[in-house]
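K.L.:
Starting off with a structure, shown below.
The values are calculated or read from the model by the stated rules, or taken from the named source; none is laboratory data. Here the structure is a predicted model, which is why all the values come from computation and not from measurement. Here the Cβ is made from the backbone with ideal geometry for all residues, glycine too, and neighbour counts use every protein chain on show. In case anyone asks, the SASA skips ligands and DNA or RNA and just uses the protein heavy atoms, side chains included. Shrake-Rupley method; radii C 1.70, N 1.55, O 1.52, S 1.80 Å.
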Amino acid sequence: MCRHLSKYALVFIFLALSGLIFLLHNIHTVENWNCHTISALYQLESRMQSSFSALNLPTFNHNRTFCAYLGQKPFPEDELEERYLLDSIAWPTPPPGSKPTPLRKTSDPVHSLFAILPTKGRREWHLGDELEALVQIHDFQGRPKHHGGDFLLARLHSPELGAGVAGKVLDHRNGFYSAVFPLLWEGSAEVEITLVHSSEAVVVLRRLREERPDRVFFKSLFRLGFLTETTVCNMCLPSDQQPLCNYTDLSTGEPWYCYKPKMLSCDTRINHAKGGYLKHLITNKEALLFQSGVNIKVRIHASGPDKINVLPPRKGMLHLQSHVCTLCIMPHALIHSNNFDFVCNISCFVSEVEVENSSVNPEPSKQVPSGYFYEDSWRPLSGVTMRQFNESSAVTYCLKNKVINMYGDSTVRQWFEYLIALAPGLKEFNLHSPKNVGPFMAVDSANNILLKYRCHGPPIRFSTVLSSEMRYVSNELDGLSGGPNAVVVLSIWAHFSTFPVEVYIRRLRHIRRSLVRLLDRAPGTVIVIRSGNLQALDPEVSLFNSDWYSLQLDAVLRSMFKGLDVLLVDAWQMSLAHQLPHALHPPEVIVKNMIDMLLSYVCPEKENS
């Protein structure tokens, strides 16, 4: 019996050794299996990796920023521009020496109030006038606050007219705010003021941005044959914890790092993916500052009427007003009263001067938005004339013989998807790209239209992207031919909110230089930039994608491309002015107006039409 067993054991050992020798001899053949087999193995492998949560996350020194100045050293003029941009978005801070504020002493939208200020000594408004509302912030005890820094949004809208316009909010840094609106349509108009975040919450958001750039982490899979490892990646990783793989882009100097696998080399990296979001970033007391329905995006009520009726324009006269209030000095000279009585509707004396238009300069502080909605249609106030592209034939005619290159995040991918649905002649070419990741391409061969989309380089919080498909927008722009039949569309903002602003400035600077080179070699290239937009917020989203982060990035974007031959689709004001709820991917009616704006830039209305 034992002799038979030992004989079988020798046979099994021989077969095992033969199989191992065969595998080693044909390892290159195994590595080059067809794509479908590898894909199936990889999907199984990905599920196994996702269930393994013991990734070694870095430990950050929270007293300093790791990522702001990584990459190529900026030129002196770049450092000067950076200081100017950071100063331009500086946010009011609490009084020096102030301690963490208990919730009861923080901004409370329920106790806060606003009042519409009278004009001309009476409550009468005409088309072309400016409406001003005064806001006073109170805490949860009903006591007025004496410093600024709250993040407020303001809009004037009329649901029955499908009209809306964004207001400008002025912080007087003493608990009072002014919301200013141009009156652009006749009929009803309602003022809406929203507290997005209290000043105390903004302090927390700013600290997270500067000290915790790791709160969204990324990962990459490394593979050689059947051997795989997954490590943490980010734009900035502490180098004193374990060896790094340096994937800094050679052309732009944009930094990107992964922790080096223990057994594999850095050049075996095959993909990039979002790793996840860190939890427990703030204290329990700080968490009270981020409560849905309490102090995140809650409307502030009016002490009196919140609606007005806009009359037809005045004829041939310009009205200059100076407000002198009995209870306070109006915003033009700052507000000094700490006990503003909203119940009495703000009794103000108004002195007027009526003069002919030809003899007096207009008021210098007029709020001029980029446009407004009327009958759910966006009407820009400067630049191109807005056209309506309601028929697919009009879209096709506009894009005929055009190459449209879209780069950025999912908010411009939404445009790609909308255009394909709008123009049936555009047929998407199957590139076997992952859904929602890309790259994507659609072709209308009959009309010679090519539409392409590619996501921007890291940081990008998409699901798994092949390393070979992770390309920086600047490098892609340098490879374009351009010309009058070329259109470039950019949307780069949402994935930079967890990093210090310097990171975003550096990325836009590289893109701007590439755009300048593109316009130099190919004048007539149409370049359209989509701004960021407002989105729905809850306690968790606020810590990563707050509208406050987006507002700061939006201001930087506008400043950096000002004066360049580029065109802006103002998604920020569109999403603020419309009555529909905010969403990261805006609803179809807003996207439709964005696309109409894009196509109006590509095919402007002829002057004689």
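K.L.:
Give me the accessible area of LYS260, 1.4 Å probe, in Å² rounded to the nearest 10.
P.N.:
Surface accessible to solvent at LYS260 totals approximately 70 Å².
K.L.:
Determine the sum of side-chain charges near GLU160: Lys and Arg each +1, Asp and Glu each -1, restricted to other residues whose C-beta is under 13 angstrom from that of GLU160. Write down the numbers at each step before the final one.
P.N.:
Details: positive: LYS307; negative: GLU186, GLU190, GLU375, ASP376.
Summing Lys/Arg as +1 and Asp/Glu as -1 gives -3.
K.L.:
Looking at the stretch 382-505, what % of its DSSP beta bridges pair antiparallel, to the nearest 5? Working shown, then result.
P.N.:
Numbers: 8 of 20 bridges.
Around 40 percent of the beta bridges assigned by DSSP in the stretch 382-505 are antiparallel ones.
K.L.:
How large is ³J(HN,Hα) for each residue in the stretch 373-382, as worked out from phi by the Karplus curve 6.51 cos²θ - 1.76 cosθ + 1.60 (θ = phi - 60°), to whole Hz, x for Gly and Pro?
P.N.:
8, 8, 6, 6, 10, 6, 10, x, 9, 7
K.L.:
To continue, here is another question. Just to be sure I understand: if I project the alpha-carbon convex hull of the stretch 493-599 onto a plane and average over all orientations, what area do I get in nm²?
P.N.:
The directionally averaged projection comes out at 7.1 nm².
K.L.:
OK, next. Please name whichever of VAL204, CYS233, VAL180 sits farthest to the positive end of the charge dipole of the stretch 123-248, dipole taken about the Cα centre and charges placed at Cβ: Lys and Arg +1, Asp and Glu -1.
P.N.:
CYS233
K.L.:
Which lysines, on any chain, are close to LYS105 with Cα under 24 Å apart, when same-chain ones fewer than 8 places away are left out?
P.N.:
LYS145, LYS285, LYS297
K.L.:
Filter the trypsin sites (Lys or Arg not before Pro) in the stretch 525-579 down to the DSSP loop ones having no more than 13 other Cβ atoms within 10 Å, then list what survives.
P.N.:
Those that pass, being in a loop and sparsely packed, are LYS562.
K.L.:
Further question: What is the set of long-range amide H partners of LEU113 at a cut-off below 5 Å, with H atoms built 1.01 Å from backbone N?
P.N.:
Residues meeting the amide H criterion: GLN136, HIS138.
K.L.:
Please compare each pair in LYS274/LYS435; LYS427/LYS452; LYS73/LYS219 to a cut-off of 19 Å on the Cα-Cα distance and tell me which ones are over it. Could the numbers behind the result be given before it?
P.N.:
Numbers: LYS274/LYS435 15 Å; LYS427/LYS452 11 Å; LYS73/LYS219 26 Å.
Violating the 19 Å limit, Cα to Cα: LYS73/LYS219.
K.L.:
Next question. Using alpha carbon centroids, what distance separates the stretch 374-442 and the stretch 143-222, in Å?
P.N.:
When both Cα centres are located, 30 Å separates them.
K.L.:
At a probe size of 1.4 Å, how large is the accessible area of LYS307, to the nearest 10 Å²?
P.N.:
Surface accessible to solvent at LYS307 totals approximately 130 Å².
K.L.:
As a test of the definition: which semi-axes, in Å, follow for the stretch 392-489 when you take the square root of five times each eigenvalue of its alpha carbon gyration tensor? Largest first, please. Intermediate results must be reported in sequence, preceding the final value.
P.N.:
Values: eigenvalues 107, 49, 23 Å².
Working from the Cα gyration tensor, I get semi-axes of 23, 16, 11 Å.
K.L.:
Could you report the accessible area of LEU244 in Å², rounded to 10, computed with a 1.4 Å probe on the protein chains as they sit in the structure?
P.N.:
Result for LEU244: roughly 50 Å² accessible.
K.L.:
First select every other residue whose beta carbon is under 11 angstrom from the beta carbon of MET594; then total the charges, Lys and Arg +1, Asp and Glu -1.
P.N.:
Here the charged neighbours net out to -1.
K.L.:
Next question, about the same structure. Determine the principal axes of the Cα atoms in the stretch 105-182, then give the extent along each, sorted from largest to smallest and rounded to whole angstroms.
P.N.:
Rounded to whole Å, the extents work out to 40, 29, 17 Å.
K.L.:
Between VAL294 and LEU466, what is 0.36 nm times their sequence separation minus the Cα-Cα distance? Round to one decimal in nm.
P.N.:
Working: separation 172, 0.36 × 172 = 61.92 nm, distance 4.21 nm.
Gain in length upon complete extension: 57.7 nm.
K.L.:
Ranked highest first by average number of other Cβ atoms within 10 Å, how do 409-421, 89-101, 283-295 line up? Could you put the intermediate results ahead of the total?
P.N.:
Numbers: 409-421: 19.8, 89-101: 11.2, 283-295: 15.7.
Put in order of decreasing packing, that is 409-421, 283-295, 89-101.
K.L.:
Taking the stretch 448-545, which GluC sites (Glu not before Pro) meet the DSSP loop condition and have no more than 14 other C-beta atoms within 10 Å?
P.N.:
Passing both the DSSP loop test and the Cβ count: no residue.
K.L.:
Could you tell me which of TYR504, VAL516, GLN573 has its Cα farthest along the dipole of the stretch 489-609 towards the positive end, charges placed at Cβ (Lys, Arg +1; Asp, Glu -1), taken about the Cα centre?
P.N.:
VAL516
K.L.:
Still on this model: Quote the relative contact order of the stretch 122-173 in percent (integer), defining contacts as alpha-carbon pairs under 8 Å separated by 6+ residues.
P.N.:
25
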